[in-house]
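Down below is the structure, laid out as structure tokens.
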Amino acid sequence: MVRRNLLTIASAVLLIILATTGADAGRVLLICNKDLWNQSNCQTGISIYANNLVDDGYTIVENSNHYGTIPNFSSSGNVLLVAKHDESGGYLNNPTDLRGYIKARYDESGSLVGCVLVGDVAIPYWEYKDNEGTWHWYPLDIAYMDMDGTWTDSDNNGKFDSRSGDYQNSEIWVGRITASRLVKTNATDTAHPYWYGGSKLATEAKIVRNYFERNDAYREGTLTRPHKALIYNDDEQICDGTNGVDYLYSNYLIVGNAEGTEDNTTTAADYANRLGQDYEWVHNHSHGEPTHTYFHTPGDGGGWGGGSLVGWINVSAPTPKYSIAGDSPDVQPKPLFYFADNCHTARYDKDNYLGGCYLFHPTVTDRYGLVTIGHAKKSYARDEVPFYDKLFKRKTIGEAFIESNKTGSYADPGLSIFSDGMTILGDPTLRVGMGHSVASFQVPSQYSTIQSAVDAAYSAGGGIVYVSPGTYEEQVTMKNGVCLVGVSSGTKTINGGSGYGAVAVSFNNVTNSRVTGFTLSGFVAIDCDNYSTPTLDHNTINNNTYGIFCGYSSPAIHYNTFTDNETGLSLQYSSDPEMRNGYNVITQNTGLRGIYCYDLSEPKLRKYQAAHPTSQGRNEFHASGSAYHIYASSNCGTIWAQKNLWDPEDATKIYHGGSDP
């Protein structure tokens, strides 16, 4: 069970396994259905998992009643055994009592960081009445994550119907490992995919064991995928290009039209085929129901001519159907992680729910996933960028989830990043990239200059350069596969000099790269040339002649502040930066132009769609006097820029078709 946490230190390059957690990662409450626990395969699986958690620095909560002793486990802690939802007379068989128990463990000394729920455990339903007076409900695991709000079941029907206090913010994470809805009721049942060992409970227990054995193999580094991602944006959906995946992955493929106009690219057949390929992460943005996700094609009249990906083939869904579950599916999915931005995919109380079919199988050990992050209701994620950014910064999936799921984060005060029904299926303690090594280079403790660290990272085949607070008087030339990250509190300034042509950070035909967390100054703060595609985020770009200058390049630009530059962003020679989910603030730029577009350049800000009228481009433009928000020359195409914030909201502040003023 003991993993390899540290590789060789050579040439001042620190190779770190991403699984490293720390000596005291906090307390975890393990909860299991009591009947499932009686199956030996379930106990074996949870034993493997409990030892993994201890190896990673976690402590398992010790329960004083209704507990199971973990076999082959020498550390403290045990498993809380509970009844299934609404089981007559069962222990903690309703969400009010179970939430109270979790809250009591949270209030004890020592930090409770999360819960893992195995099997059929009380479901915290949220019920509400629609405008026509009809009641609806859906699972809302955030009720178990919130430790300082008040949740009430006023009519004692086993469903929460009111909440107050600070209920939108999550203090702990919760992961669900629920496979019963994928299991046959008997050997001849054709409505569900799996049967093993002669009974429903035996089948479920074997799925649990198989899941934790694959989880262990991933932690040990024997179950891996290439560190690359698939971004699958269906037609008609309102998508943001990378959806933030580029914060975590430099190697990714986007399939689909990111502006939401229909074409023939995204279909169930194509999606199923790609799930059989070697991607580590999949971000899917398409329509969904609990049992399937489905796809538009041109001319289908609002129907689903692209067909559907289903878990079990014997469910009702648009045709053609392609299955991933059962003994003979159309494809056995290879990805390890899924961000399923589809309605209902994580509806774990429904038979054959797709989020579970991505993960669970009783016997296959080298296919099927480890985590699905998805919706338990009809909804979509508001902004995934903070989540992916935190995963990049070594957070576990659970940590990234709760730190992103807070109100007042980033540019949407009063709204949490994720929708109300977001759910973690699988193990929240996993990090992306366990089993992969990453080269780490520290400035100034290991390297006196940023450039020397960048060069060393490039020579090592890529890596992350961490820069501590301070002012660095240098001009940095970035290289392929190198990320530059400002760390710790305090300002990290790169000053490239004020002379004509001086550049703080430059990219020349550079891909798979990122710069984040700096204050940048020079004649040009950042120069992107010759088909460079870096990610530039969370930087302060002030008092330059050009904030960012792009020539034949299309970087992703998010969460930056441009202030008092002569031109905030200058785009020339077919440069089309990705800014649709930007949260950039472009203000008071003195040279009359917030964004200057020339020679076929078209920044991707946001195209208004009638089907999604509330979607926000989220960039802010502030201009005073005679300055323009955007100035485009006559040879630029249409620039879609609705749904951003304009101050003042004045059409004369956007100019298209003239010469350089």
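The values are calculated or read from the model by the stated rules, or taken from the named source; none is laboratory data. Note that the structure is a prediction, hence the values are computed from the model and not measured. Here the Cβ positions follow ideal geometry from the backbone for every residue, glycine too, while neighbour counts run over all protein chains shown. For accessibility, only protein heavy atoms count, side chains too; no ligands or nucleic acids. Shrake-Rupley method; radii C 1.70, N 1.55, O 1.52, S 1.80 Å.
Worth pointing out:
- Once the stretch 51-69 is narrowed to residues that are without any contact (Cβ under 8 Å) to a residue 40 or more places away in the chain and part of a loop (DSSP other than H, G, I, E, B), the residue that is surrounded by the most Cβ atoms within 10 Å (Cβ to Cβ) is Asn63.
- Check on Leu98, touching a residue at least 12 places away in the same chain (Cβ under 8 Å), within 21 Å of Arg181 (Cβ to Cβ) and either of a type in the set (S, T, N, Q) or open to solvent by 10 Å² or more (accessible area, probe 1.4 Å) (or both): no
- Selection of the stretch 102-139 for residues being surrounded by fewer than 17 Cβ atoms within 10 Å (Cβ to Cβ) and under 26 Å from the mean Cα position of the chain (by Cα) yields only Ser111.
- Whenever a residue of the stretch 23-38 is touching a residue at least 40 places away in the same chain (Cβ under 8 Å) and buried (at least 23 other Cβ atoms within 10 Å of the Cβ), its partners that are outside any loop (DSSP other than H, G, I, E, B) and among the acidic types (Asp, Glu), lying with C-beta atoms within less than 8 angstrom and at least six residues away or across chains, give the pairs Leu36/Glu204.
- Residues of the stretch 349-361 that turn out to be in contact with a strand residue (DSSP E or B) (Cβ under 6 Å, 6 or more places away or on another chain) and under 22 Å from Ile402 (Cα atoms), as a count: 2
- Of the residues in the stretch 542-557, none is out of contact with any helix residue (DSSP H, G or I) (no Cβ under 7 Å at 6 or more places or on another chain), assigned to a strand (DSSP E or B), open to solvent by 40 Å² or more (accessible area, probe 1.4 Å) and of a type in the set (Val, Ile, Thr).
- Condition check for Gly421: open to solvent by less than 20 Å² (accessible area, probe 1.4 Å) and either more than 26 Å from Gly26 (Cβ to Cβ) or at pLDDT below 90 (or both): yes
- Phe73, sole failed condition from (1) closer than 30 Å to Gly197 by Cα; (2) outside any loop (DSSP other than H, G, I, E, B); (3) open to solvent by 10 Å² or more (accessible area, probe 1.4 Å); (4) of a type outside the set (Lys, Arg): (2)
- Being part of a loop (DSSP other than H, G, I, E, B), closer than 30 Å to Ser532 by Cα and either hydrophobic (A, V, I, L, M, F, W, C) or without any contact (Cβ under 8 Å) to a residue 60 or more places away in the chain (or both) is true of Tyr249.
- Each residue in the stretch 230-242 was checked for being at pLDDT 90 or above and either among the charged types (D, E, K, R) or touching a Leu at 6+ places or on another chain (Cβ under 8 Å) (or both), and 2 of them qualify.
- Enumeration of residues in the stretch 362-380 that are touching a strand residue (DSSP E or B) at 6+ places or on another chain (Cβ under 7 Å) and assigned to a loop (DSSP other than H, G, I, E, B): Pro362, Gly369, Leu370, Ala376, Lys377
- In the stretch 193-223, the residues that are surrounded by fewer than 23 Cβ atoms within 10 Å (Cβ to Cβ) and assigned to a loop (DSSP other than H, G, I, E, B): Trp195, Tyr196, Gly197, Gly198, Ser199, Gly221, Thr222, Leu223
- Whichever residue in the stretch 558-569 is open to solvent by less than 40 Å² (accessible area, probe 1.4 Å) and assigned to a loop (DSSP other than H, G, I, E, B) and, among such residues, is modelled with the lowest pLDDT: Tyr559
- Of all residues in the stretch 331-364, those satisfying the criterion of being among the charged types (D, E, K, R) and within 16 Å of Val315 (Cα to Cα) are Arg347, Asp349, Lys350, Asp351.
- Residue list for the stretch 520-540, restricted to those being in contact with a Lys or Arg (Cβ under 7 Å, 6 or more places away or on another chain) and in a strand (DSSP E or B): Thr535
Here's the yes/no breakdown for (1) at pLDDT 95 or above; (2) closer than 17 Å to Val174 by Cβ; (3) of a type in the set (Val, Ile, Thr):
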residue	(1), (2), (3)
Arg3	no, no, no
Thr8	no, no, yes
Leu14	no, no, no
Leu53	yes, yes, no
Glu62	yes, no, no
Thr96	yes, yes, yes
Ala104	yes, yes, no
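This table checks each residue for (1) over 15 Å from the mean Cα position of the chain (by Cα); (2) among the hydrophobic types (A, V, I, L, M, F, W, C); (3) at pLDDT below 95; (4) closer than 30 Å to Tyr196 by Cβ.
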{"residue": "Lys228", "(1), (2), (3), (4)": "no, no, yes, no"}
{"residue": "Leu253", "(1), (2), (3), (4)": "yes, yes, yes, no"}
{"residue": "Thr266", "(1), (2), (3), (4)": "yes, no, yes, no"}
{"residue": "His287", "(1), (2), (3), (4)": "yes, no, yes, no"}
{"residue": "Tyr294", "(1), (2), (3), (4)": "yes, no, yes, yes"}
{"residue": "Gly301", "(1), (2), (3), (4)": "yes, no, yes, no"}
{"residue": "Trp304", "(1), (2), (3), (4)": "yes, yes, yes, no"}
{"residue": "Pro329", "(1), (2), (3), (4)": "yes, no, no, yes"}
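- Asp120 of a type in the set (Asp, Glu) and either at pLDDT 95 or above or farther than 30 Å from Ser47 by Cα (or both): yes
- None of Asp529, Asp576 is under 15 Å from Ser506 (Cα atoms) and either open to solvent by 10 Å² or more (accessible area, probe 1.4 Å) or at pLDDT below 90 (or both) except Asp529.
- Of all residues making up the stretch 140-157, the number that are under 21 Å from Lys84 (Cβ atoms) and open to solvent by 10 Å² or more (accessible area, probe 1.4 Å): 4
- If only residues of the stretch 465-512 that are under 11 Å from Val443 (Cβ atoms) and among the hydrophobic types (A, V, I, L, M, F, W, C) are counted, the one that is modelled with the lowest pLDDT is Val487.
- Taken over the stretch 486-519, the criterion of being touching a Cys at 6+ places or on another chain (Cβ under 9 Å) and either among the acidic types (Asp, Glu) or in a strand (DSSP E or B) (or both) is satisfied by Ser506, Phe507, Asn508, Arg514, Val515, Thr516.
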